[in-house]
Amino acid sequence: MFDLTGQVAIVTGASRGIGRATAEALAAQGAHVIVNYARGEAQAAEVVAGILERGGKAEAVRFDVAQSAETEAAIAAIAKRLGRLDILVANAGIAIDGLLIQLKDEALEQQLAINLRGAIACARASIKAMLKARRGRVIFVSSVVGETGNAGQVAYAATKAALLGVTKSLAKEYAKRNITVNAVTPGWIETDMTRELPPAAREAMIAAIPLGRAAAPREVAAPILFLASDEASYVTGAVLRVNGGMLT
């Protein structure tokens, strides 16, 4: 089950967090994983080293998803060099929090460039390669905030909500070419940042989660692995909620 032997997968923003866990999960099932990064070279190298030590296949490739031309050239080169491209996990993203009246255009543009335009650029380049094979899997990493909204995250919520529209539209565009397009919407994920929150803030956040805890990155990687596999061949245009019951 979930056998990805011989397949090529690109995971953007894979040097840490959900991206790292996803790269590791895909590699464990036999995929040759491209660990993308923009700035975390040492962290990406660490991810690759760990995968190789466990007998998997991986390599780190730098490109900044906010730069469309750079991104599309890099993905095209990967597909040409490896002879195929089967899976894209568009995970790279940033959040710059602040109330609307404090939101600067620069912060808005940065989030749009990475979270939305970057994801679209990755999908555009990847689907071009997938069309030749008449098969592919595209998975966008959105957020529960894109479905519920959140005070202080107007720009972030807007970009993550937009990804859901992108998902549903692309699913309809490329279903006849056997390319599925889906999204996951993670809730609160355990990270270095959330672990450093004051106890009272952590308790308040956990109280809003019916399961009573945050998720580990691997708990988001597992649903992504399913969507990337042949077992999900009849799933497209779906939004898979991974939020511990925050939104049902």
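The values are calculated or read from the model by the stated rules, or taken from the named source; none is laboratory data. Note that the coordinates shown come from a computational prediction; the quantities given were computed from them, not determined experimentally. Here the Cβ is made from the backbone with ideal geometry for all residues, glycine too, and neighbour counts use every protein chain on show. All accessible areas refer to the heavy atoms of the entire protein, side chains included, with ligands and DNA or RNA removed. Shrake-Rupley method; radii C 1.70, N 1.55, O 1.52, S 1.80 Å.
Taking the condition of being open to solvent by 20 Å² or more (accessible area, probe 1.4 Å) and either within 18 Å of E190 (Cβ to Cβ) or touching a helix residue (DSSP H, G or I) at 6+ places or on another chain (Cβ under 9 Å) (or both), how many residues in segment 5-39 meet it? Of the residues in that region, 12 qualify. Annotation: R135 fulfils all but one of (1) open to solvent by less than 60 Å² (accessible area, probe 1.4 Å); (2) modelled with pLDDT under 95; (3) closer than 23 Å to V11 by Cβ; the unmet one is (2). For segment 149-248, the helices (runs of 4 or more DSSP H) that sit wholly inside it and include 2 or more residues that are of a type in the set (S, T, Y) and within 25 Å of I87 (Cα to Cα) are 154-174.
When residues of segment 175-189 are filtered for being touching an Asp or Glu at 6+ places or on another chain (Cβ under 9 Å) and surrounded by fewer than 22 Cβ atoms within 10 Å (Cβ to Cβ), how many remain?
Residues in segment 175-189 being touching an Asp or Glu at 6+ places or on another chain (Cβ under 9 Å) and surrounded by fewer than 22 Cβ atoms within 10 Å (Cβ to Cβ): 1 in total.
Checking each residue of segment 223-246 against the condition of being free of Cβ contacts under 8 Å to residues at least 40 places away in the same chain and either touching a Gly at 6+ places or on another chain (Cβ under 6 Å) or within 20 Å of A92 (Cβ to Cβ) (or both) gives at least one match.
Condition (residue is over 19 Å from I18 (Cα atoms) and open to solvent by 20 Å² or more (accessible area, probe 1.4 Å)) applied to segment 217-225: is it met by at least one residue? Within segment 217-225 (the criterion being over 19 Å from I18 (Cα atoms) and open to solvent by 20 Å² or more (accessible area, probe 1.4 Å)), the answer is no, since none of the residues qualifies.
Cβ separations smaller than 8 Å between residues 6+ apart or across chains give no pair from segment 2-21 residues that are closer than 14 Å to R137 by Cα to residues that are modelled with pLDDT under 95 and not in a strand (DSSP E or B).
K172: touching a residue at least 12 places away in the same chain (Cβ under 8 Å) and open to solvent by 50 Å² or more (accessible area, probe 1.4 Å), yes or no? Spelling it out, K172 is indeed touching a residue at least 12 places away in the same chain (Cβ under 8 Å) and open to solvent by 50 Å² or more (accessible area, probe 1.4 Å).
Per-residue answers, yes or no, for (1) basic (K, R); (2) closer than 22 Å to L26 by Cβ; (3) open to solvent by less than 80 Å² (accessible area, probe 1.4 Å):
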position: I78; (1), (2), (3): no, yes, yes
position: I96; (1), (2), (3): no, no, yes
position: Q111; (1), (2), (3): no, no, yes
position: N115; (1), (2), (3): no, yes, yes
position: R124; (1), (2), (3): yes, yes, no
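For K128, the stated conditions do not hold, so it cannot be described as of a type in the set (D, E, K, R) and at pLDDT below 95.
Candidates are the residues of segment 125-141 that are hydrophobic (A, V, I, L, M, F, W, C) and in a helix (DSSP H, G or I); the one that is farthest from A175 (Cα to Cα) is A125.
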